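Accompanying notes for the structure given below.
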Amino acid sequence: MFTEIFLFELKYRIKRPATWIYFGVFLGLGFLMMFATAGKNDAVSVAFGDSSRVLANAPYRLLQLVVSIAIYGTLIISAIVGNPVYRDFEHRMHPLMFTKPITKFGYLGGRFLGSSVIAVMVLLSIPLGLWLGTVSPWAQPDKIGAFNLMAYITPTLLFIIPNVIISGAIFFTMATLWRSMVPNYVGCVVLLILYAVASGLAADLDNKTLAALLDPIGTQSFEEITRYWTPAEKNTNLMPIGGLVLMNRLLWTAFGLIILGICFWRFKFTHVLSDRKRKNTLTPQQEDLLLLAEKEAEAKEEKQRASGQRFSFPKVALNFSAGQTFRQLLQLTRIEFSSVVKNVFFIAIVFAGMLFLFLMSTQLGKIFDTPVFPVTYNVTSLLGRMFGIFMLIVIIFYAGEMIWRERGAKMNQITDAMPVNNGLFFASKLLALMAIQVLMMVVVMLTGILIQTFSGYYNYELDLYIKVLFGEKLIYWWLLCVLALFVHVLVNNKYVGHFLVILVYILFNVAFPNMGLQHNLFRFGSDPGMFYSDMNGFGHFTGPFAWFMLYWSGFALLLVVKSNLFFVRGTETAFKVRRKLAWARFGGSMKLLTGAGAVIFLGTGSWIFYNTNVLNEYTTGKETEKELVRYENTYGKYRHSPQPKIVEVKADVDIFPESRAVKVAGTYILKNKTKTPSDSFHVQYVSSITLSKLEFSRPAKRVADDKKLGYVIMKTDQPLLPGDSLAMTFALESKPEGFTETTGGTQVVYNGTFLSSSFMPTIGYSEDAEIGDKDTRDKYGLPHKPHSPSLYDTTTYYTNPLSADADWIRFEATVSTSDDQIAIAPGYLKKDWKANGRHYFNYKMDVPILNFYSFLSARYEVKRDKWNEVNIEIFYHKAHAYNVDRMIRSIKKSLDYYTKNFTPYQHKQVRIIEFPRYQAFAQSFPNTIPYSEGIGFIANIDDKDPESIDYVFYVIAHEVAHQWWGHQVVGAKTQGATMIIETMAQYSSLMVMEKEYGAEKMKKFLKYEMDNYLRGRSGEAENERPLMLVENQQYIHYNKGSVLMYALKDYIGEDSLNKALRGFLQKNAFQAAPYTQSLEFVQCLRKATPDSLKYIITDLFETITLYENKASGFTSKKQSDGTYKVTITVEAQKLRADSLGNEKEIAVNDWIDIGVFTRDKKTLYLEKHHITAKTTEIEVTVNGKPFECGIDPLNKLIDRHPDDNTIDQAKQYVNTISKKK
Amino acid sequence: MELRIEQLSKTYSNGVHALKGVSLTMPTGMFGLLGPNGAGKSTLMRTLATLQEADSGSATLDGVDLLRQKEEVRRMLGYLPQEFGVYPKVSAETLLDHFAVLKGVANRGERKELVAALLRQTNLYDVRKKNLGTFSGGMKQRFGIAQALIGNPKLIIVDEPTAGLDPAERNRFHNLLSEIGENVIIILSTHIVDDVTDLCSNMAIINKGEVLLTGQPKKLITSLAGKVWMKEIEKPEVADYRARHSVISSRMHMGMVVIHVISDTQPDASFVQAQPNLEDVYFAAIAAHTTPVNV
């Protein structure tokens, strides 16, 4: 029986066109993804961070692609495996089926297995499509490696087949027991939530394993296993079938089988035979009563007839006025609305969404696993983003339900023949769907308020909730409602409709931008972007947003009219007839609305176009690229043209926050520091700014003036001799005209201007402006260029990385702003005065600084303090006082440590200045540190929580450290430059943090640093470099730098290290070109290292060295004197990696920590041992009962499996048991 | 008042020629549309009920163009489709009230009164609070009638209303229809001949999209007087008789086959004259337009 049903299912499915359509769609998806990954094309391309190093058909990449496409496969599984039993109910076949002599096992098992096999077959099209992509003529040969069958089989075995069983079992069971396909939509949502929750959890390092197990699709376990793979490993390693991946797959498959078991247990043929309606039918008593009543009525009627009495209906007045039409509209809307709202699945989706939001809110704004205060903008943006998918599902699904409601109930012929205005049906559905969006926004708002309340945060800012949810988000969802209904009306097939709405959505959001239609005018519902900041509110974004929304509303109105014209009323479904009917309906009011829609659409469209493309320059990414190519081709020849350097900057900067305009009048003193006279001077400025004046203090003329690139060449009549100077005076003006296609400049804003020196003119051709990306350079026939100049090229020692056109400068600035704001620039406030309703500030620096400064202006609160003779000032937004004291404390502790261990502080003030969260960083300018409101001003640091990392303190300490590392010693612009600047700022702040919070806290911080480093190298697009040769790679100079410097400190001691650093600072601080570099720095570190440990300098800084350390077990014996003798078996492996991550094992000859700990984590023993073999037995005696032992237990060395460095008794016990088995 | 249909034609996109130049005139009172399944009755009714487009032809009622002035038609129309459903989770009273709003009964009090009266008349008053999903076929059908009667319709179109009803229910239904008065036009489509005999003052027989016959049932029956002959034969003989005579109908009676034959004269002595009824009219009309098939 089983076999027959199984075979029948197979045959039935194979004959269904849908099966082949799904197959085709996924084959196409697979092919397209490979085409985009490996293809040579501009139209579509998928960029992975590591794409230039990982082959398109590398086992890792194939796995990644299969998994990402297979997520959509869930829908197909729902359609195929969910359906087979439900089908019998749907077609009312079940009485026929169930009266046949079939067994439950045969029926359920056959149907399930048959459809599962089909689902697997359909999804096999993914690897097939990917493979086809690799052999297609468009695939670039250098991106395709040798064919490896296993690379296709592994993802199939690990993901496709288990997922069919898992999701299939869930869908099959739900549809079978509920006898409806609708629970499956909810099931999809639940799986999606689990998937999303798992990826949310994974952000926290401690949850990785949990996240990997929780994800029903398996993506997280895959991520967890491969997260540290280097490009080389990605190219060769197959996914190991074992570990977390296998556990996840087994766990979920078991879950699926249990669900199937429940299905088998609960399913009854008899139960099935009775119709579902029966539950609702009348009881026998009621039926009797009914019969009786009927008889009575009949008798009465007979009597009436006999007496010749005729029945007459009460006369009613019919009203077809506009008022009645309106009442009808309300009535229809109410019915549509309540039928959705009362729908159990709607309620389920909304609750699932709320639950999801609650779960996600625990990760709100976390940095280093440390939360922020749930300020309203953070909550609304989280909720808006996270709830979006639920909104989308509800819109797509219920748009279809609504359009088909009357027809689904077979009531359409009745209502369609009623004297109801043609527009009412569609209008009522649209209004109801829109009202549902309002309802959902209310739900989101309440959820947000609950989340805030639960975290003990009561500053709700209801006005902001309303502005964001009902002002910004709602209109977008409304637009989408129109689109979804429009598609459903036009397509006139519910299921195809759902599919097409998704397709149209993708078309607008993904395909159009990739086809060159990037402009927001082409992308339904899109706008330049709204970006709320507590400091600047919605800033200047609201105007353009409103214009775009008006534009799309006009378009939506046209869609509404068209939907209404094509709305199916009556039984005509042929498109030809519908078109004819549409013309017939195209009467006065429809024409009026079309006119209105067209006027709004075209009118605002033209206005927007005028603003974005005429008043402002609109450039696509490609045009920008071409301009950069032109830049290189035209001016690249001046690369080595000797240019003078700036030695003094004087600037009058007028900031006009209300109009977001800025005017600069400045003077540079340029000095010829070369040995040759020069007469041509290259001045560059940002091309979107007007250079209204450029004059030299000696006769000169402009020989080139490229306004598009902002490039001017001045030629002086007399050459500037070596050692001579000239003054360059200039004026810049920037005033926004209209609005732009993107959010536009966020430098000068209503409140929170942050203008850095990159706004100012620069001298000389800039190689940094050239295109760096290898593939792009290939495309334009430009030769490859190194990421960074070679460390061994001494000619590069003459510029510093902060500005190529200056060494040390004298600086003075007068900054003015509006009356109510404070303007800030580096230097000391010499004078401030008010004139013409404006506030002027004159700042002057008393020591030479690097050519790296900024101007800020906002309405600030100021908190002042003092450390010795140094003034501390925090300029912050009024509502953000949370961490101001913490910042001051950090500044003081930093100054303490740095002045004591390094060199004196060169300034007499430290200022922290908050700026809007358009950018999330802090940056150290001379005695001036702008700090984004997004990264710490609202951090919620619980000092009592041992898990919480005070990253506000850390970031401040890091930035203050830059006053030494960066602003005292800067180094040359070459490989390794950021080791001196960033790694050392990291080290310095680590030390301040360690003093403040203790070594234990460092462990957690360094764990993040280690993880970020290992993941960073895994996603490296070009070459991983040793720290000494770092090419501005953040994962190296920050994350790896922290780990390595902390290890170095551990090896040679804090004092000797700091002594070496002090010596290095003293020698190189404020030096003029040539600058020092990492070669000298590492040499200095090596000198400070005792001979026995010199090898670590090579390991840490000059090479990429990794360890695979592991504790395999220990035994302990209590001695007669109460001490314990512990024998620990450890394994050590040392590896050297090249820039691609190819590893080579080298001999271990290292001093590594061996540790013994008690059950409550107290250290019994921690000493360095000389390890020289792969496996070593170590014997130590300790005063206490050992519970945990290990090698490098504090994870000071780079190790991809830090957790196996220690072993405790519990782990050991589990190991022995599993070995016995 | 008179509904005049002229040369109405309709071909579906799948090529089915559902109406072929149908012309009919319907006075007030009940008009029966008789025809086998697939004759085009429903197409005709849906077209009159504004739900479907005609390719050509016209239909007017009191100066209102039924094919174009849909809004006007709907204001005076009561329509009960052949197959219909209702929202299962709504009570009869609520849904009827909803329909009344859609039909333009604006006054709340009037609407309430009307709904109550309709429910009483259709004998659904006692179950008015019950969800429609719990209704039996007959109850649902009565609900359908109730909604068709809202708003004093001048043209009532009921498509196969008695299909699926038991004899008692059918009877009640007929009574109800006959109550509605002579001042409106009621078009009743059916394939049950007795429905027409019992109720209709005028009728038409259509088949394959064509009107075969139209007139008053009584007159049509009279026209066959003396021409219908009947005989009981054995089953195997049927084919033979069909070949030799114009057999209009045959039915089983106690193991024998009773055939009706149309003939101006007695075909032979074994035939006895039968009292013609509407069924004979119907079968005669259908038979006359069907090419005889020789077996």
When you look at residue B:165, is it at pLDDT 90 or above and away from every other protein chain (no Cβ under 12 Å), yes or no? no
Number of the condition not met by residue A:972 [criteria: (1) buried (at least 24 other Cβ atoms within 10 Å of the Cβ); (2) in a helix (DSSP H, G or I)]: (2)
Please go through segment B:113-149 and give me each residue that is at the interface with chain A (Cβ under 8 Å from one of its Cβ atoms), within 29 Å of residue B:61 (Cβ to Cβ) and part of a loop (DSSP other than H, G, I, E, B), ordered by number. B:149
Would you say residue A:668 is within 23 Å of residue A:633 (Cα to Cα) and buried (at least 18 other Cβ atoms within 10 Å of the Cβ)? no
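Given the structure, is residue A:731 at pLDDT 95 or above and surrounded by fewer than 15 Cβ atoms within 10 Å (Cβ to Cβ)? Quick ask: steps written out before the conclusion?
Numbers: at pLDDT 95 or above: yes; surrounded by fewer than 15 Cβ atoms within 10 Å (Cβ to Cβ): no.
In short, no.
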Within segment A:164-180, can one find any residue that is without any contact (Cβ under 8 Å) to a residue 12 or more places away in the chain and either buried (at least 23 other Cβ atoms within 10 Å of the Cβ) or of a type outside the set (Ser, Thr, Tyr) (or both)? yes
Are there any pairs with C-beta distances below 7 angstrom linking a residue in segment A:913-931 that is over 18 Å from residue A:954 (Cβ atoms) to a residue that is among the aromatic types (Phe, Trp, Tyr) and not in a loop (DSSP other than H, G, I, E, B), with the two at least 6 apart or on different chains, and if so which? A:913/A:875; A:913/A:931; A:915/A:754
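For segment A:413-422, state whether one or more residues are in contact with a Gly (Cβ under 6 Å, 6 or more places away or on another chain), farther than 19 Å from residue A:349 by Cα and within 14 Å of chain B (Cβ to nearest Cβ).
Pass one, segment A:413-422, residues in contact with a Gly (Cβ under 6 Å, 6 or more places away or on another chain): A:416, A:419.
Next, only the ones that are farther than 19 Å from residue A:349 by Cα stay: A:416, A:419.
Right, trim to within 14 Å of chain B (Cβ to nearest Cβ) and you get A:416, A:419.
Yes, segment A:413-422 has at least one match.
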Could you look through segment A:227-272, keep only residues that are over 30 Å from the mean Cα position of the chain (by Cα) and β-branched (Val, Ile, Thr), and pick out the one that is surrounded by the fewest Cβ atoms within 10 Å (Cβ to Cβ)? A:270
Of these, A:365, A:384, which one is part of a helix (DSSP H, G or I) and surrounded by fewer than 22 Cβ atoms within 10 Å (Cβ to Cβ)? A:384
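Tell me which residues, restricted to segment A:397-412, are assigned to a helix (DSSP H, G or I) and within 12 Å of chain B (Cβ to nearest Cβ).
A:405, A:406, A:407, A:408, A:412
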Can you report the number of residues in segment A:1038-1069 which are farther than 16 Å from residue A:900 by Cβ and part of a helix (DSSP H, G or I)? 17
With the condition being over 20 Å from residue A:252 (Cα atoms) and under 29 Å from the mean Cα position of the chain (by Cα), I'd like the helices (runs of 4 or more DSSP H) fully within segment A:118-182 carrying at least 3 qualifying residues. A:125-135
Subset of segment A:608-617 [surrounded by 13 or more Cβ atoms within 10 Å (Cβ to Cβ) and either under 26 Å from the mean Cα position of the chain (by Cα) or part of a helix (DSSP H, G or I) (or both)]: A:608, A:609, A:611, A:612, A:613, A:615
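Closer than 30 Å to residue B:140 by Cα, at pLDDT below 65 and within 14 Å of chain B (Cβ to nearest Cβ): is that true of residue A:270 in this structure?
On the way: closer than 30 Å to residue B:140 by Cα: yes; at pLDDT below 65: yes; within 14 Å of chain B (Cβ to nearest Cβ): no.
In short, no.
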Checking the condition at pLDDT 90 or above and more than 9 Å from every other protein chain (Cβ to nearest Cβ), which residue from B:49, B:59, B:39 passes? B:59
Any residue that is modelled with pLDDT under 90, in a helix (DSSP H, G or I) and under 26 Å from residue A:590 (Cα atoms) - is there at least one of those in segment A:421-435? yes
Got a number for residues in segment B:1-56 being touching a Pro at 6+ places or on another chain (Cβ under 9 Å), part of a loop (DSSP other than H, G, I, E, B) and not small (Gly, Ala, Ser)? 2
Selection from segment A:328-351 of residues closer than 18 Å to residue B:102 by Cα, surrounded by fewer than 16 Cβ atoms within 10 Å (Cβ to Cβ) and among the charged types (D, E, K, R) yields A:334
Within segment A:79-107, the count of residues that are surrounded by 16 or more Cβ atoms within 10 Å (Cβ to Cβ) and touching a Leu at 6+ places or on another chain (Cβ under 8 Å) comes to 3
If I ask for residues that are at pLDDT below 85 and either closer than 20 Å to residue A:187 by Cβ or more than 10 Å from chain B (Cβ to nearest Cβ) (or both), which ones from segment A:301-342 would you list? A:303, A:306, A:307, A:308, A:309
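Take residue B:43 and decide whether it is at negative phi and of a type in the set (Val, Ile, Thr).
Yes; evaluated as a whole, the condition is true for this residue.
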Within segment B:71-112, restricting attention to residues that are within 8 Å of another protein chain (Cβ to nearest Cβ) and of a type in the set (Val, Ile, Thr), which residue is surrounded by the fewest Cβ atoms within 10 Å (Cβ to Cβ)? B:101
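What residue, of A:524, A:555, A:567, A:541, is in contact (Cβ under 8 Å) with a residue 24 or more places away in the chain and within 14 Å of chain B (Cβ to nearest Cβ)?
On the way: A:524 fails: within 14 Å of chain B (Cβ to nearest Cβ); A:555 fails: within 14 Å of chain B (Cβ to nearest Cβ); A:541 fails: within 14 Å of chain B (Cβ to nearest Cβ).
Exactly one residue qualifies, and that residue is A:567.
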Residues of segment A:163-211 that turn out to be within 18 Å of residue A:86 (Cα to Cα), touching a Leu at 6+ places or on another chain (Cβ under 8 Å) and among the small types (Gly, Ala, Ser), as a count: 2
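The values are calculated or read from the model by the stated rules, or taken from the named source; none is laboratory data. A quick note: this is a predicted structure, and the numbers were derived from the prediction, not measured. Using ideal geometry, Cβ is built from the backbone for each residue, glycine included, and neighbour counts are taken over all protein chains shown.
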